[in-house]
1. Which residue, of ASN143, ASN136, ASN126, is farther than 19 Å from LEU104 by Cβ and within 24 Å of the chain's Cα centre (by Cα)?
2. Hey, any hits in the range 357-377 for a residue that's at pLDDT 90 or above and assigned to a helix (DSSP H, G or I)?
3. Can you run down the residue pairs with Cβ atoms below 8 Å, 6 or more apart or on separate chains, where the first is in the range 465-481 and within 21 Å of ILE71 (Cα to Cα) and the partner is small (Gly, Ala, Ser) and not in a loop (DSSP other than H, G, I, E, B)?
4. Out of ARG308, ARG336, report the one residue that is basic (Lys, Arg), crowded, with 17+ Cβ neighbours inside 10 Å and under 21 Å from ILE140 (Cβ atoms).
5. For the range 68-116, give me each residue that is among the hydroxyl-bearing types (Ser, Thr, Tyr) and out of contact with any strand residue (DSSP E or B) (no Cβ under 9 Å at 6 or more places or on another chain).
6. Picking from ILE140, ILE146, ILE100, which residue would you name as being closer than 20 Å to ASN33 by Cα and part of a loop (DSSP other than H, G, I, E, B)?
7. Among LEU115, LEU139, LEU153, LEU158, which is the only one that is aliphatic (A, V, I, L, M), buried (at least 24 other Cβ atoms within 10 Å of the Cβ) and over 26 Å from LEU285 (Cα atoms)?
Amino acid sequence: MPYDMKNAKIFLPVAIILLSGLLTCLSLTDGHNWGGDFSSYLMQARSIVDGTMNEFVASNTFAVENSSRAIGPTAYPWGFPVLLAPVYYLFGFNLMAFKIVSLLFFALFLLCIFLLFKDRVSFAGNVMILSAFAFNPYLIRFNDSILSDIPFLFFSTLTVLLTDRIILSKKKITTRSLDLILLGCAAFMAFFIRTNGALLLIMIVSCQVLDYLSLDKYSNKKNRANILLDLIPGAVFVVLSVLSSLIFVQGGTSHVSHFGRLSLSVIKENLAYYGMLPASFFDGLLIFNATIVYGMTLVFLVAGVGNRIKRDYHFLIYGFLTVVLYIVWPAVQGLRFLFPILPFYLYFVYTGMMTVNFGLSQHLHTAGRRLCYAAGIVVVGSFLVVSSYHAAVNLVNGREVDGPFAARSMDMFNFIKNSTKHDDVIVFFKPRVLRMMTGRNSILIDDPSRLQKGNYLVLHKHMGNYCQLAPENISNATSMDLLQRIYENADFSVYKIMRPRNNG
């Protein structure tokens with residue numbers, strides 16, 4: 001029996017992770033949505049392989065500086081493009097191959113959270129937490145986007161796991177020195193992928209300081225030598241950051257400019273926004289309302305934090321730093337910003353469910369715990385059913401999705417490549433996507449007075465005035481002979497931008 005249980009404790013998590021991978025594979029489409037970030041990551045990866053990083057930054061800087069609204073930084077952190085570069089080198093511009101990168105990191109993330117919580121909760125509870133992430137419809141569908149969030153989620157969680165093992169639990173993986181180097185490398189990789197990974201270094205240092213204060217380690221020379229050892233993660237982080245800045249062309253200054261929009265009203269709005277945002281994690285429940293379920297978890301969240309604050313303060317430090325960062329960050333991007341701290345949210349909710357008794361008798365408390373398990377099974381079961389349904393629908397639809405790789409979009413891009421000159425500037429609502437697909441410089445213009453910055457205008461017929469000129473502006477410009485339509489299909493119209501006549 002013990003042998004069978006040991007096998008089950010290995011087999012079941014592996015089976016869950018593999019099933020999650022299968023559902024994710026079946027949910028992948030052959031295209032991509034219109035989000036522009038993915039195109040920048042792919043162009044950066046291509047520039048690494050082709051040795052054209054400077055050219056990429058120059059063309060992207062042109063798009064950023066000449067667009068009428070912010071479209072992103074001149075270059076994203078190079079960590080994710082570095083991960084994509086070998087895929088581009090081996091398989092060329094293969095969307096499915098790029099998506100498999102995130103799928104693999106998602107599987108590694110699932111393994112990390114299982115290892116992180118296995119000594120903190122029961123096996124059944126750990127399986128439930130693992131399943132909630134493995135089968136979550138939002139996360140599974142998110143893997144269809146070629147974005148840095150999932151690889152960052154893995155390295156972020158890995159850093160917390162290593163901090164827990166190496167600094168707090170004093171467990172050796174290899175040797176003390178190599179373990180600390182590994183910790184610094186993991187934190188750097190998170191930072192190399194997304195700059196908010198710097199919060200992980202703050203968490204590591206905070207844990208080291210609190211650890212020394214609690215154990216009074218400054219009292220002898222031997223422990224002062226340990227302090228020098230514990231500087232290794234920070235030193236590795238700094239050295240690798242400096243080296244990466246010397247190797248890769250730097251961008252990202254437009255990110256800093258976002259703080260110029262910070263105000264008290266923005267902070268209030270973000271507090272309300274992020275206070276409710278985790279409810280999105282429960283979207284797709286078959287029976288219960290996601291917002292109601294989220295509201296119910298908050299009681300257990302508080303109880304779990306109160307019960308585990310002394311043991312799991314590193315979770316709270318990282319979670320607090322992350323939430324504060326996004327509350328003061330004017331731009332919101334949905335649940336993906338909170339991915340790195342969702343495991344700790346669910347962990348504290350679960351531990352709260354298992355510990356709070358509301359003054360009930362032991363018999364009623366036991367019954368309440370069983371009810372919580374039943375509710376968790378319903379949630380996980382709902383996630384599995386909904387994710388399976390989405391995968392089936394995707395296959396029935398032939399993995400097709402509307403976006404830049406749809407047939408009519410490709411027809412439009414081919415027209416641009418064949419009918420415009422290499423140095424022409426194309427006005428489009430997703431300039432980075434058009435640049436990737438056609439090799440032409442592109443800018444976003446939604447202000448009629450700035451239309452003359454371009455040579456051609458591509459209008460998406462179904463987007464209204466989202467990041468492009470409103471239909472009435474198009475009509476006015478056409479009637480004034482400022483626009484001449486030269487191409488059209490069911491989704492797009494392409495106009496040549498005419499220069500105003502000089503009546504003088």
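1. ASN126
2. Yes, some residue in the range 357-377 is at pLDDT 90 or above and assigned to a helix (DSSP H, G or I).
3. Close Cβ pairs (under 8 Å, with a partner that is small (Gly, Ala, Ser) and not in a loop (DSSP other than H, G, I, E, B)) amount to LEU469/ALA477.
4. ARG336
5. THR74, TYR76, TYR88, TYR89, SER102
6. ILE146
7. Within the list LEU115, LEU139, LEU153, LEU158, the selection yields LEU158.
Conditions (1) crowded, with 21+ Cβ neighbours inside 10 Å; (2) under 22 Å from ILE146 (Cβ atoms); (3) aliphatic (A, V, I, L, M); (4) touching a Phe, Trp or Tyr at 6+ places or on another chain (Cβ under 6 Å), marked per residue:
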position: TYR350; (1), (2), (3), (4): yes, no, no, no
position: ARG369; (1), (2), (3), (4): no, no, no, no
position: VAL380; (1), (2), (3), (4): yes, no, yes, no
position: PRO404; (1), (2), (3), (4): yes, yes, no, no
position: VAL433; (1), (2), (3), (4): yes, yes, yes, no
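The values are calculated or read from the model by the stated rules, or taken from the named source; none is laboratory data. Computed from a predicted structure; not experimentally measured. Counting neighbours? That spans all protein chains shown, and the Cβs are built from the backbone with ideal geometry, glycine included.
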